[in-house]
Each structure stands twice: as structure tokens, then as C-alpha cells.
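Working notes, beginning with the structure itself.
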Amino acid sequence: MHQDPSKKYRPFPPVRLPDRQWPNRVLTRAPRWASVDLRDGNQALAVPMNVSQKLELFQALVKIGFKEIEVGFPSASNTEFTFNRRLIEEHRAPDDVWLQVLVQAREDLIERTVESLIGAKKAIIHLYNSTSPAQRRVVFGKSKKEIVEVAVRGAQWIKDRLARLKGTEVMLQYSPESFSATEHEFAREISEAVMDVWQPTPQRKMILNLPDTVEVAMPNVYADQIEWMCRNLKNRDSLIISLHTHNDRGTGVAATELGLLAGADRVEGTLFGNGERTGNLDIVTVALNLYQHGIDPKLDFSDLNSVIDVYERCTGMTIPARQPYAGELVFTAFSGSHQDAIKKGLAEWEQKRPSTQNQDPSTQAHWDVPYLTIDPTDIGREYREVIRVNSQSGKGGVAYLLESEFGISLPKDMQREFGPIANDAVDKLGREVSGAELKAMFWQEYVERNSPWRLNGFETESKNGVVKCRAKLSRHDQPVEFSGEGNGPLAALVHGFGTTGVRFEIINYSEHALSSGEAAAAISYIQIKTADGKSRWGAGVDTNIELASVRAVLSALNRL
Ligand code: KIV
Ligand code: ZN
């Protein structure tokens, strides 16, 4: 890296907007969304999508609820043109979905683009040219005036051909590409020059898309630029102001959210932020961020996993594990204290959640679970994946997995004993463990402890409130038999043990039926305390609850 970065790079000049309004606003509704997955997203893929992949992704976008979809750059290749034709000729776009197409300000390309739209129900023709100083100087070698002429000529060529799209409802869109790196006065000048050609009205608006083509500044600067444009452009009420952010500085989402506060109406982006370089804006994140604040995003991500499947299959991209909302690990806690807090938060939510959808909103409980910004089940993720266990996890996570996956509900005190045992084992493995592996550890530690004590038989009879037992056991494979009596089978067993010199008392006891998989079995948890003050937990499983308890006592003795 450079010793003195200021010799090579310079700060981005801020916009002078001392009375900026956006910092005091809040978002209250969803913007119009436009997906650019099939165009900006596609042109950033090493292997662009073929027609059938584009068709599959298009259907998925429609299903999610996008009403404006940039389907491609029809003049750029035969694949792009054919794709557009198939959408139209095979009536694949619902009547309320706008097919958006991108084109440069060149007459031959505009001609082909218009041709690609014949027969469409609704179409957005999106014209762009680059406007920043670097683009003007390095790429085009043109003055500001010449760059304006390029845009105006392009706008006119489109206007001249609109009569060819009879029966198609057409909306026009202009992007001063690299807007955020352009002097804002010049961005206004060129946008107004295009408006002069297209003559938008409040009834027939045009879209003015203001791209953060390359993020060159902090998101507050983009917000200032958007607010400045919203306040200074003529005929604002004839415009749909649209945002199109990329993510070069990692703040594409923030720039869009602040841009919406600054007055924009529409957002362009892609699923999971696919797009050139660091990607386009991730629409899933912005939509679900709105949802997290109780705003209907008007996009349906209730089955996010199937959206991920289609996206990965069609684009060949993968979703990073930490991708907001969608990543494999984003609803997962490994750390013990987080697991404990989530477990308690979810338990509280189970108690207070509204029982019906129609409940009076004023009395409805709101989601407030530590570490989980939204309920994972709202987007088709499961509680089960929330808590996972590795060496960072504590007893809470271990207990949660055993309970949620196998219905094994360890008493609190026993969690304190088994938690560190499981943690040591996981630490040695040096990796994450599954619920099934934890259960196997539990079984090995407690349920399958058959030495030195083993159960061979146990019978009881009860008379006048007194229970007598007859126990047939072995110790180190040597038979041991005894009788005992007490006010219940366990008391009788403890008494019988005492007659052989093995003295202890039962200080904790609980039991429950085991759920799925353990056909009609019960599990019993018992904590014993020996005469010399040692205490141990034991667990026993049997189809007979009395025998499950006896086994639990032997398990505890075997662990002394
Ligand atoms: O990033 C960009 O500026 C674009 C334009 C074509 C809108 O993709
Ligand atoms: Zn872009």
C-alpha cells in the first residue's frame, strides 16, 4: 500500500446541503422495486445465463412479486433478443409486469431494441450514457455539451420509434450512468435535457434512474446527491426517481436506504446482490430490513430457501454463509451466552405470540428475541438451525438441540453437569456437532452406563401404602440381590441398596415420555447424593417408567 495515501487518492467532495432533510425522516412504505438480475446481474457472470436459465429466473422473480424486471440488453446479442421475444410471444409475463430493456444512445441499437418489444403488454425502455468527468475525459473524449447531445439524440431516436409499439404501454427511463461521480449540477442539466425531449407529465411520468455505478463516497453523500436532485430538478412530480446502487465500498444497502429517505421512489437491484464487481444492491436485504421494521415490503420471501435454489442453479453463484437473511449461518448461534438468550427469547415468544392472525393489532405482541432480528420461520428458515453446537457453545445450546430434535428435556441442574462434558468432547473433535451426535454422547455418558451395576430384574408389590421391592442386579458381573421397602418403588430401592452397604439419597427426580423415534419409551433423570457428599446425575430409558427410574439410579451409581 502507499506510504501516504493522500498522495495517490483524494477525499470525495461533499454536497453543500446544510438544510438536508433526509436524516430526520423514517421509511414508512416499500418503494417500487425493479429487478436487474437478468441484465446487470447477468452481465457480471463469468458464464452468462442461457435462455432457459433466464426463463426460470424470470418466473421466480415474477413469483416473488417484482412488477418491473429488466430482462436484458436485447441489442447486445441474439440470446438477449431471443429471450425477450420468447417472453412476449409465449406470453410469459403477467399483464401487470413491465419488461424493461436497456439500450445505449445509438440509433441502430435503439432500432433493434424497439423491435424486440413489439407485442409486449408493458415495456420500459431504459436509455443510458455515462456522465462523470472520468468517463467524459477517458472513455469518450467529449465535452459536457457533447455528452448532453448524446443523451438528447438517444432520447429523440426512442421517441421517434414509439409509434411502432402500438398496443404496448411504454414507460421511458433515463440513467446518467456514473451519476454519483458526476457533478450534480451537470447531472441535473443532462437529465432535464432528456426530460425536454420526452416531456413527462404527472399522469405519464418517466423514470429518472440515478446510479451509484461505482460507490465512490459514503452513503450519506449519495443521500445528499439524491435529495439535491429531488429538490432542484424541474417537474419533480413528473418523475419517478430511481436508485441503482452498487457495492464497491460495501455500503450499497445503506446508500439505497438513505437514498429512499432522501426522496427516491424506486429501487433497482438484484437478488443477493449479484452484479458487477462487488455486486449490485441486494434487494432481499433492503426488503427484509423494511419487513423487520413492520413495513410490508411487497415482495414475498417467505420461502427464501427455494429462491436461493433457483438463484444458485441459474447464475452458478453461491450465497456466502454470512449473507444477510439468506446465508447458512445468519440464524445460527454457536456461542453459549447467545444460545441461552435466544432459547429464553424463543420460549417467551412461544408464550406471547398472537394466537390468530386477526387479533387486534393494538394488543399484538411484537418480536423481541435477543440476537434474532426477525423470526426465521417468516422466511422459511427453522428454529432448529438457530442453535448449533461447537466448542464455543454452552449448556444452553446442548440442551436446546437435545430438546428440539429429540424431545429430551434435561433438568436444569443436569444441564449444568452434561454441558461441560459435551463441550469437552466437542472441543476434542474440533468441529460442529449435530443433534444426533449430542444425543449419542448423552446416551454414552448416562443411558448406556452398565458397569459396575447392571439391572437383571426388579419387581415391586404394594400393600397398605408400603412398597416392597426385590432387585436382581449384578456388580462387576457378580450377582447381587436384595429387598427393600419404602413409600414408593424408588424409596424401596434406596432402602434395599442401604442393606448392602451402598448408601445414598435421591435429591432430584424427573421423567417424561420420549417423543418420536423412541416408541412409547420414557426417560427418567435422577440425581443421587452419597453418604460422603458426592452427587451425580443418572438417566434411564425403558418402556416401563418404574424400570426407567431404576436404570437412572444405576446410571448415577455407575458414574460415581
Ligand atoms: O450501474 C449502472 O450505472 C448501470 C446503468 C446502466 C444503470 O447499470
Ligand atoms: Zn449497474
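The values are calculated or read from the model by the stated rules, or taken from the named source; none is laboratory data. Note that the structure is a prediction, hence the values are computed from the model and not measured. In this analysis, Cβ positions are derived from the backbone assuming ideal geometry, glycine residues included, and neighbour counts consider all displayed protein chains. SASA here: full protein model, heavy atoms, side chains in, ligands and nucleic acids out. Shrake-Rupley method; radii C 1.70, N 1.55, O 1.52, S 1.80 Å.
Could you please find all residues in the stretch 207-224 being away from ligand 2 (no atom under 16 Å from the Cβ) and buried (at least 24 other Cβ atoms within 10 Å of the Cβ)?
Hit for the stretch 207-224 is A223, nothing else.
Between a residue in the stretch 228-249 that is over 15 Å from L261 (Cα atoms) and any residue that is within 16 Å of ligand 2 (Cβ to nearest atom) and aliphatic (A, V, I, L, M), which pairs come within a Cβ distance under 6 Å, given they are 6 or more apart or on different chains?
Partner pairs satisfying both residue conditions: L239/L208; D248/V214.
Check N42 against each of (1) among the polar types (S, T, N, Q); (2) within 30 Å of E107 (Cβ to Cβ); (3) open to solvent by 20 Å² or more (accessible area, probe 1.4 Å) and name the one condition it does not meet.
Among (1) among the polar types (S, T, N, Q); (2) within 30 Å of E107 (Cβ to Cβ); (3) open to solvent by 20 Å² or more (accessible area, probe 1.4 Å), the lone unmet condition for N42 is (3).
Please verify whether the stretch 131-138 includes one or more residues that are under 33 Å from the mean Cα position of the chain (by Cα) and not hydrophobic (A, V, I, L, M, F, W, C).
Within the stretch 131-138, none of the residues are under 33 Å from the mean Cα position of the chain (by Cα) and not hydrophobic (A, V, I, L, M, F, W, C).
Given the criteria of a type outside the set (F, W, Y) and within 16 Å of ligand 1 (Cβ to nearest atom), does P202 qualify?
no
Scan the stretch 263-284 residue by residue and report those that are away from ligand 2 (no atom under 16 Å from the Cβ) and crowded, with 21+ Cβ neighbours inside 10 Å.
Within the stretch 263-284, just V284 meets the criteria.
Return the total of residues in the stretch 70-80 being surrounded by fewer than 21 Cβ atoms within 10 Å (Cβ to Cβ) and either in contact with a Cys (Cβ under 7 Å, 6 or more places away or on another chain) or at pLDDT 95 or above (or both).
The qualifying residues number 0.
Among the listed residues S180, S175, identify the single one that is within 16 Å of ligand 2 (Cβ to nearest atom) and either assigned to a helix (DSSP H, G or I) or charged (D, E, K, R) (or both).
S180
For the stretch 281-304, state whether one or more residues are within 16 Å of ligand 1 (Cβ to nearest atom), at pLDDT 95 or above and part of a loop (DSSP other than H, G, I, E, B).
The answer is yes, given that some residue of the stretch 281-304 is within 16 Å of ligand 1 (Cβ to nearest atom), at pLDDT 95 or above and part of a loop (DSSP other than H, G, I, E, B).
Could you go through the stretch 530-542 and let me know if any residue there is of a type in the set (S, T, N, Q), at pLDDT 95 or above, in contact with a Leu (Cβ under 9 Å, 6 or more places away or on another chain) and outside any loop (DSSP other than H, G, I, E, B).
yes
Give me the pairs: first residue in the stretch 254-274 and under 19 Å from K298 (Cα atoms), second residue modelled with pLDDT under 95, beta-carbon distance under 8 Å, and six or more apart or on different chains, which are they?
none
Looking only at residues that are surrounded by 20 or more Cβ atoms within 10 Å (Cβ to Cβ) and out of contact with any Lys or Arg (no Cβ under 8 Å at 6 or more places or on another chain) in the stretch 23-39, which one is farthest from L281 (Cα to Cα)?
Per the stated criteria, the residue is R39.
Just the residues that are in contact (Cβ under 8 Å) with a residue 24 or more places away in the chain and open to solvent by 70 Å² or more (accessible area, probe 1.4 Å), please, taken from the stretch 471-491.
Within the stretch 471-491, H476 is the sole residue that qualifies.
From D237, D196, D224, which residue is assigned to a helix (DSSP H, G or I) and either within 14 Å of ligand 1 (Cβ to nearest atom) or under 33 Å from the mean Cα position of the chain (by Cα) (or both)?
Within the list D237, D196, D224, the selection yields D224.
Quick check on my filter: what residues within the stretch 240-257 are more than 14 Å from ligand 1 (Cβ to nearest atom) and open to solvent by 40 Å² or more (accessible area, probe 1.4 Å)?
Scanning the stretch 240-257 gives R249, G250, E257.
Report, by residue number, each residue of the stretch 295-328 that is without any contact (Cβ under 8 Å) to a residue 40 or more places away in the chain, under 30 Å from T28 (Cβ atoms) and open to solvent by 60 Å² or more (accessible area, probe 1.4 Å).
R322
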